[in-house]
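Here's the structure we're looking at; comments come further down.
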Amino acid sequence: MIPIPAIDLLDGKVVRLEKGDYATPTIYDDDPLNTARKFADSGLEELHVVDLNGARDGRFTNLNQIEKIAEKTHLTIQSGGGVRSIKDAQTLISAGVSRVVCSSMAAKKPEEFKELIGINKGEHAVLGLDLKDGKFAYGGWLQTTDESYEEVINDFRDSGLKYILSTDISRDGMLEGVNVDLYKQLTSLYEDIHIIASGGVADKQDLIKLSGMPVYGVIIGKAYYENRISLEDIVSFLPDKSQ
């Protein structure tokens, strides 16, 4: 299991939202590069970046911040928010993003998401499976589809989908603990897909629970920024490359 710290960007600043509510942002750092460098200097290798303005408005408001992080750190960047088309995804890849998280494009332009999956054997495409009351949510979590998440996944699985980032929105930013049952179900049903857990990580015990499951990685956000989990704790879950 790979620990993946998160940077959520709103108006060029590092923030966190509770349950996706834009009216209640908490600002943690005015300089995203400063935060990213702390992660990189600690030995972490991957970073999850969300353009919250993009997710809400459909425009890459924070693209220059993402480019700076890609240019000035060694971190493998996974990013989403505002990706509405294959062109948007290619813009992020050109900016140095390794994996592009897509929810809105997957929901509204599934053929274009399948096109992205087809690039580089699926390495650039991540299905952002954000779940709101069991439904697939997109557009900054403001809209939901009528399809079950199984129907959504199975359609893209046939196209070679390799990564799923699944967030239980009801737990995101709430420090209530991860939805272990959700990730047990996903890893059981989709053994051929890398499942990345997100939402609700409250403390080190949540990381211990997930480390005992076949998840690819886990996103760590508010728990770190609220000092519930130390940087040293996060680093301790890095895979042992000597084995």
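Read-outs: derived from the displayed coordinates by stated rules, not from any lab. Values in this document were obtained by computation on a predicted structure and should not be read as measured data. Here Cβ is always computed from backbone atoms with ideal geometry, including for glycine, and neighbour counts include all displayed protein chains.
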Checklist outcome for this item: Residue-ordered couplings for the range 210-215, obtained by feeding phi - 60° into the Karplus form 6.51 cos²θ - 1.76 cosθ + 1.60 and rounding to whole Hz (Gly and Pro as x), are 6, 5, x, 10, x, 7
Checklist outcome for this item: Inter-part gap, Cα centre of the range 4-51 to Cα centre of the range 179-243, in whole angstrom, is 18 Å
Next on the checklist: Taking every DSSP beta bridge with both residues inside the chain, roughly what % is antiparallel (nearest 5)?
Outcome noted: 25 percent
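Where nothing but the Cβ of Lys and Arg (+1) and of Asp and Glu (-1) is charged, how large is the charge dipole of the chain around its Cα centre, in debye to the nearest 20? If you can, show how the numbers build up before the last one.
Details: 27 positive and 39 negative charges, 62 e Å.
Around 300 debye, computed over the chain.
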Checklist entry - Using a ≥ b ≥ c from the Cα gyration tensor of the range 2-235 (square roots of the eigenvalues), is it rounded, prolate or oblate, where a/c under 1.5 gives rounded and otherwise the larger of a/b and b/c decides, a/b for prolate? => result rounded
Item to check | Estimated inter-spin distance, Arg59 and Asp203, nm [label 7 Å along Cα→Cβ] | outcome: 4.4 nm
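In the structure displayed, which of Lys13/Lys38; Lys38/Lys162; Lys38/Lys135 lie more than 25 Å apart, Cα to Cα? Working shown, then result.
On the way: Lys13/Lys38 16 Å; Lys38/Lys162 29 Å; Lys38/Lys135 35 Å.
Flagged as over cut-off: Lys38/Lys162; Lys38/Lys135.
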Checklist outcome for this item: DSSP beta bridges in the range 1-119: the antiparallel percent, rounded to 5, is 35 percent
Next on the checklist: Could you tell me the calculated FRET efficiency between Leu238 and Asp31, based on Cβ-Cβ distance and R0 = 22 angstrom, to the nearest 0.05?
Outcome noted: 0.30
Checklist entry - Taking only C-alpha pairs under 8 Å that are 6+ residues apart, what is the relative contact order of the chain in percent? => result 19 percent
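Highest mean first, what order results for 66-74, 124-132 on Cβ atoms within 10 Å?
Values: 66-74: 17.1, 124-132: 24.6.
In descending order of packing, they fall as 124-132, 66-74.
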Item to check | Glu123 paired with Glu18, simple spin-label distance in nm, labels 7 Å along Cα-to-beta-carbon | outcome: 4.2 nm
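So, by mean Cβ neighbours within 10 angstrom, what's the order for 230-237, 177-184, 197-204 with the highest one leading? Intermediate values should be presented prior to the final figure.
Working: 230-237: 15.0, 177-184: 17.2, 197-204: 23.4.
Output ranking for 230-237, 177-184, 197-204: 197-204, 177-184, 230-237.
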Next on the checklist: For the ranges 19-28, 79-88, what's the packing order if you count other beta-carbon atoms within 10 Å of each residue, average per peptide, and put the highest first?
Outcome noted: 79-88, 19-28
Checklist entry - What value, in deg cm²/dmol to 500, does the helix sum -39500 (n - 2.57) over DSSP H runs of n ≥ 4 give at 222 nm once divided by the residues of the chain? => result -9000 deg cm²/dmol
